[in-house]
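In what follows, a structure is listed as structure tokens, so that the remarks can point back to it.
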Amino acid sequence: MSEPVLAYLLLGSNLGNRAALLAQARARLAATAGAIVAESGLYETAAWGREDQPAFLNQALAVLTALSPEALLATCQAAEQAAGRERLEHWGSRTLDVDILFFGHETIATPTLSVPHPRLAERRFALVPLAEIAGSLAHPQSDETVATLLARCPDPLPVRPWPGE
């Protein structure tokens, strides 16, 4: 184990009981990845990439983790599998998606992991919840804050606070 790092994750679900799946993911990640020190509200977002599918619920988490980036990725993928995720098509519907948006101030580029998330600046559904909990966080490559990235985000798809069902 190493010195704890603050990692930012994005949870998403557009199949099944979306809110329950996100709650289960939060509990699992708190038990396996590290302490959740901040969480955004839930946001309902239009599907990005393939818009002919149900809307997503998304939520950003800040997790204080002692895991390596690769171990955190494996933990995120285990949470997806526990939620019944099947990888059938790119940008397809899913019970759970867990993305690593930031891992401390590191830049990571391996065949299996890219951090910061390479398309973060293009995705309103990730930036809105992330800005709620870390608007002043600086992107390690551009040094722009999350709030600045959100203000300039070209994504026109709606992202709305989710009132619950």
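The values are calculated or read from the model by the stated rules, or taken from the named source; none is laboratory data. Every value quoted in this text rests on a predicted model; they were computed, and no experiment measured them. Backbone-built Cβ (ideal geometry, glycine too); neighbour counts: all protein chains shown. When the accessible area is computed, the model is the full protein with side chains, heavy atoms only, and any ligands, DNA or RNA have been set aside. Shrake-Rupley method; radii C 1.70, N 1.55, O 1.52, S 1.80 Å.
I need a count of the residues in segment 102-151 that are among the basic types (Lys, Arg) and free of Cβ contacts under 8 Å to residues at least 24 places away in the same chain.
Result for segment 102-151: 1.
Residue by residue through segment 42-66, note down the ones that are closer than 22 Å to Thr112 by Cα, in contact with a Leu (Cβ under 9 Å, 6 or more places away or on another chain) and open to solvent by 30 Å² or more (accessible area, probe 1.4 Å). Before the answer, list the steps.
Looking only at segment 42-66, we keep the residues that are closer than 22 Å to Thr112 by Cα, and these are 48-49, 60-66.
Subset that is in contact with a Leu (Cβ under 9 Å, 6 or more places away or on another chain): 48, 60-65.
The answer is Trp48, Leu64.
Among the residues of segment 1-17, what is the count of those that are at pLDDT 95 or above and open to solvent by less than 60 Å² (accessible area, probe 1.4 Å)?
The number of residues fulfilling the criteria is 6.
So the check is Cβ under 8 Å with 6+ separation or different chains; which pairs have a first residue in segment 66-80 that's outside any helix (DSSP H, G or I) and a second one that's surrounded by fewer than 21 Cβ atoms within 10 Å (Cβ to Cβ) and among the hydrophobic types (A, V, I, L, M, F, W, C)?
Once the first residue is outside any helix (DSSP H, G or I) and sits in segment 66-80, its partners that are surrounded by fewer than 21 Cβ atoms within 10 Å (Cβ to Cβ) and among the hydrophobic types (A, V, I, L, M, F, W, C) give Ala66/Met1; Ala66/Val5; Leu67/Met1.
Does Pro111 satisfy being over 18 Å from Ala7 (Cα atoms), modelled with pLDDT under 95 and open to solvent by 30 Å² or more (accessible area, probe 1.4 Å)? Spell out how you get there, then give the answer.
Details: over 18 Å from Ala7 (Cα atoms): yes; modelled with pLDDT under 95: yes; open to solvent by 30 Å² or more (accessible area, probe 1.4 Å): yes.
Yes.
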